[in-house]
1. Identify, by number, the condition in (1) surrounded by fewer than 19 Cβ atoms within 10 Å (Cβ to Cβ); (2) over 27 Å from residue 28 (Cα atoms) that residue 152 doesn't meet.
2. Only one residue in 131, 75 is surrounded by fewer than 19 Cβ atoms within 10 Å (Cβ to Cβ) and among the basic types (Lys, Arg). Which one?
3. Can you list the strands (runs of 3 or more DSSP E) found entirely within the range 1-106 that contain at least 2 residues being of a type in the set (S, T, N, Q)?
4. Name the residues in the range 117-166 that are over 15 Å from the mean Cα position of the chain (by Cα) and part of a helix (DSSP H, G or I), would you?
5. Pick from the range 165-185 the residues that are hydroxyl-bearing (Ser, Thr, Tyr) and surrounded by 18 or more Cβ atoms within 10 Å (Cβ to Cβ): which of them is nearest to residue 105 (Cα to Cα)?
6. Considering only the range 214-223, state which residues are at pLDDT 80 or above and part of a helix (DSSP H, G or I).
7. Since residue 236 meets every condition but one in (1) touching a helix residue (DSSP H, G or I) at 6+ places or on another chain (Cβ under 8 Å); (2) of a type in the set (Gly, Ala, Ser); (3) modelled with pLDDT of 80 or more, which condition does it not meet?
8. Output the number of the condition that residue 111 fails; it satisfies all remaining conditions of (1) of a type outside the set (S, T, N, Q); (2) touching a Cys at 6+ places or on another chain (Cβ under 9 Å); (3) under 17 Å from residue 85 (Cα atoms); (4) not assigned by TED's automatic domain parsing to the domain that holds residue 230.
Amino acid sequence: MKVSVIIPSFNSAKTIEDTLKSIMGQNWPDIQIIIQDGGSTDNTKAIVTKYPTAISGWQSEPDNGIYDAMNKGIKRATGEIIAILNSDDAWLPGTLDRVASAFSHNPDVGIVSGSIEVWEDSPDGAKVVLKSSLLYLHKGMTVQHPATFVRRTVYKRVGQFNTYYRIGADYDFVLRCLQENISWIILDNVLARMRAGGMGGATFTFNDWMIRRSYKLSSTFNETCICANSFVRHLARQAVLKVFGKKVLSTLRDYLWQKRIYR
């Protein structure tokens, strides 16, 4: 089973080697690495050059945001299974074995998702395991995208990412897949690690609001409450950071994260 992994990148010299090592460490016999770079000006390409499998899939050109880069990678993918892994994320050992087994034993399944570990890239930083779920999508994106693997035929059927959404296009894609009755398996395994602070980490974004409203998932009143709650939490984080510093903020974040199960 051939797997294509798409890595969108831009000035990722500090993190992309960890990403590549986690892919090469899978020891998968048939893998295509596609690095869709947005025109990096740092040392990213020099690092990628150390890995022949990776540099063979290197393409660097301007894009219209991360989802445009993902779409370009999907068009270049030749594997039966397509994964998308950001250039500061990493797969855990054995991830492809678990995912390929799920697809092999369930030939009608179009998507397999697992859990992710989110962590602060700092000494004693907070971390949390977030599961994937299809049951709470009315609240937001509860499918963990770095731990999601999609058959190439699904993209042909459902389409690629809608680049109108600068942040929530993966959320929109998941909802389109459900509308098309794409079969899904949710694994209990933690498949990927993701650094905290990515663009999709906010509890509320305007794009998410638009998506929920377009699919009629949430009322205006509920969205107003979500927005207000998110704004209050943002102010509280800034106050803690200013008064007590990063270490106390990290401790508080760790406490709050442990109360979360999904995104």
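The values are calculated or read from the model by the stated rules, or taken from the named source; none is laboratory data. Quick caveat: nothing in here was measured; it's all calculated off a predicted structure. Here Cβ is always computed from backbone atoms with ideal geometry, including for glycine, and neighbour counts include all displayed protein chains.
1. The single condition residue 152 does not satisfy is (2).
2. After ruling out the rest, the residue left standing is 75.
3. 3-9, 31-37, 58-60
4. 152, 153, 154, 155, 156, 157, 158
5. Filtering first and then ranking leaves 171.
6. 214, 221
7. So the condition that residue 236 fails would be (1).
8. Condition (4) is where residue 111 drops out.
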